[in-house]
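The values are calculated or read from the model by the stated rules, or taken from the named source; none is laboratory data. All values derive from a computational prediction rather than experimental measurement. Positions of Cβ are backbone-derived with ideal geometry, glycine not excepted, and every protein chain shown enters the neighbour counts.
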Amino acid sequence: MPETTERTEHTESAVNASRAELTGRTERTDPLVRRAARRLRGWGGVAAMAVACGVTASLVLLPLGPDGNGAGTGPAGVGGRVQVGTDAKADTCENPEASLQPSSADGPSIAAIKARGKLVVGVDQSSYRWGYRNPEKGTLEGFDIDLARAIAQDILGDSDAVIFRTIPTNQRIAALNSGKVDLVVRTMTINCKRIQQVAFSTAYFQAGQQVLAPKLSESITGYDSSLSGKRVCTAEGSTAYEALEANSFGAVFKDEGDGTKADKDLLTVPNQLDCLVRLQLGEVDAVVTDNALAAGQAAQDPAVELKGRPFTTEYYGVAAKLGNDDLVRRVNKVLVDYRKGPWQDAYKHWLQADLPGISGPPAPLYK
């Protein structure tokens, strides 16, 4: 088959099913949807309808193939960020967001992309507003998708010269190290552990971990002792999972090994949207995830909401394979220009309605 500029491994029938669900042209006869609606009648009629849509959409939008409130509400450069031109210590993890100086010079990584004529980017297709498939058009859209296209435009002179490969949360690093993708643009948090595994650009968005739960769950107040004994879902390989490992407040978030406390398939999932489905089905009591992603999930389902306040400060970066320094420098060069206007345009279009009050991107930090 000929290669397309947006090659993903979904089937046409899945897209058609998603389109029909969105426009209401099919009956909701899926047993999983009926099961979800029955379980959540206590959430109210609106919630029951929302869960049906959410479950059906998530079944269509799960990444295919085995391979693979307010965050940042202050102006750029505040909140402890080092301003442009300030050097950070190299070879330490004092400032994991510190990246290489921007450059437009070509190197071996850029040369390989130009020879191929396509930039291959790992993305999500199930995170509303960030990287998701528009069921009407069958195309990938969102904040991260816009950024990936901007990088392709700079390297190849064509924003459509990009192959999108949808990858689960837990396969982002593996996809880079195997060479399956050149970059990952997928709400990926920069931290000390990950900078030993992949190379990051400067930060392009600030977020924080927060709890998502049903509005009617008044007993859950946030990331605190109210989670004791509650079933909490996270995505495998996420910073939310690491946060719960450090302090779970007595929440059940992983299989304890005795087969009685938890089911790993319910509590630890490949993708964040899977957690929303588990929550809608009543199989978990809460979700811990980035508030930037949770805000999009709350927009999809009016029966859930963010609880408490963000309990971490995290920064998303574009990830590349370790050693591909020329590509990282090129992405940082793209981000210099992107912060001057396109970032704000993308924020207003995709995120402002669900994450209001963000005045700009984080200031870049360089080694």
Among the candidates Val328, Val269, Val334, Val318, single out the residue that is modelled with pLDDT under 90 and buried (at least 22 other Cβ atoms within 10 Å of the Cβ). Val269
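Say whether the condition of being among the aromatic types (Phe, Trp, Tyr), at pLDDT 95 or above and under 30 Å from Ala115 (Cβ atoms) is met by at least one residue in the range 214-225.
Checking the range 214-225: not a single residue is among the aromatic types (Phe, Trp, Tyr), at pLDDT 95 or above and under 30 Å from Ala115 (Cβ atoms).
So that you can scan it fast, the table gives a plain yes or no per residue for (1) small (Gly, Ala, Ser); (2) over 30 Å from Ser104 (Cα atoms):
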site	(1), (2)
Arg278	no, yes
Glu283	no, yes
Ala295	yes, yes
Ala298	yes, yes
Arg309	no, yes
Glu314	no, no
Gly317	yes, no
Leu322	no, no
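Is it the case that Asp146 is surrounded by fewer than 24 Cβ atoms within 10 Å (Cβ to Cβ), in contact with a helix residue (DSSP H, G or I) (Cβ under 8 Å, 6 or more places away or on another chain) and modelled with pLDDT of 95 or more? Working first, answer last.
Working: surrounded by fewer than 24 Cβ atoms within 10 Å (Cβ to Cβ): yes; in contact with a helix residue (DSSP H, G or I) (Cβ under 8 Å, 6 or more places away or on another chain): yes; modelled with pLDDT of 95 or more: yes.
Here the answer is yes, as Asp146 does meet what is asked.
Going by the conditions given, is Ile220 in the same structural domain as Leu279 (by TED's automatic domain parsing) and of a type in the set (Val, Ile, Thr)?
For Ile220, the condition - in the same structural domain as Leu279 (by TED's automatic domain parsing) and of a type in the set (Val, Ile, Thr) - is met.
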Select from the range 190-242 the residues that are at negative phi, small (Gly, Ala, Ser) and not in a strand (DSSP E or B) and list them in ascending order. Gly208, Ser217, Ser219, Ser225, Ser226, Ser228, Ser238, Ala240
I'd like the residue in the range 161-177 that is within 14 Å of the chain's Cα centre (by Cα) and assigned to a loop (DSSP other than H, G, I, E, B) and, out of all such residues, is farthest from Leu327 (Cα to Cα). Pro168
Only one of Lys180, Lys137 is modelled with pLDDT under 95 and part of a loop (DSSP other than H, G, I, E, B). Can you tell me which? Lys137
Given (1) under 28 Å from Ile113 (Cβ atoms); (2) of a type in the set (A, V, I, L, M, F, W, C); (3) in a helix (DSSP H, G or I), where does Ala319 come up short, assuming only one miss? (3)
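Could you check, for the range 115-126, whether at least one of its residues is assigned to a helix (DSSP H, G or I) and in the same structural domain as Gln196 (by TED's automatic domain parsing)? Before you say what the answer is, go through the steps one by one.
First pass over the range 115-126, keeping only residues assigned to a helix (DSSP H, G or I): 115-116.
With in the same structural domain as Gln196 (by TED's automatic domain parsing) added as a condition, the list becomes 115-116.
Yes: one or more hits.
In the range 291-313, which residue that is touching an Asp or Glu at 6+ places or on another chain (Cβ under 7 Å) and not aliphatic (A, V, I, L, M) is surrounded by the fewest Cβ atoms within 10 Å (Cβ to Cβ)? Spell out how you get there, then give the answer.
The first filter runs over the range 291-313 and keeps only residues touching an Asp or Glu at 6+ places or on another chain (Cβ under 7 Å), leaving 295-296, 298-299, 308.
Retained after the next criterion (residues that are not aliphatic (A, V, I, L, M)): 296, 308.
Values: Gly296: 26, Gly308: 16.
Ranking the candidates gives Gly308 first.
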Matching residues, the range 345-367, being over 22 Å from Arg133 (Cα atoms) and either among the polar types (S, T, N, Q) or not in a loop (DSSP other than H, G, I, E, B) (or both): Ser359, Tyr366
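Does the range 151-160 contain any residue that is surrounded by 21 or more Cβ atoms within 10 Å (Cβ to Cβ), in the same structural domain as Arg329 (by TED's automatic domain parsing), part of a strand (DSSP E or B) and not β-branched (Val, Ile, Thr)? Please lay out each step first, then the result.
The initial filter retains those residues of the range 151-160 that are surrounded by 21 or more Cβ atoms within 10 Å (Cβ to Cβ), namely 151-152, 155.
Filter once more, so that each one left must be in the same structural domain as Arg329 (by TED's automatic domain parsing): 151-152, 155.
Now drop any that are not part of a strand (DSSP E or B), which leaves none.
No, the conditions are met nowhere in the range 151-160.
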Picking from Thr202, Thr139, which residue would you name as being buried (at least 24 other Cβ atoms within 10 Å of the Cβ) and of a type in the set (Val, Ile, Thr)? Thr202
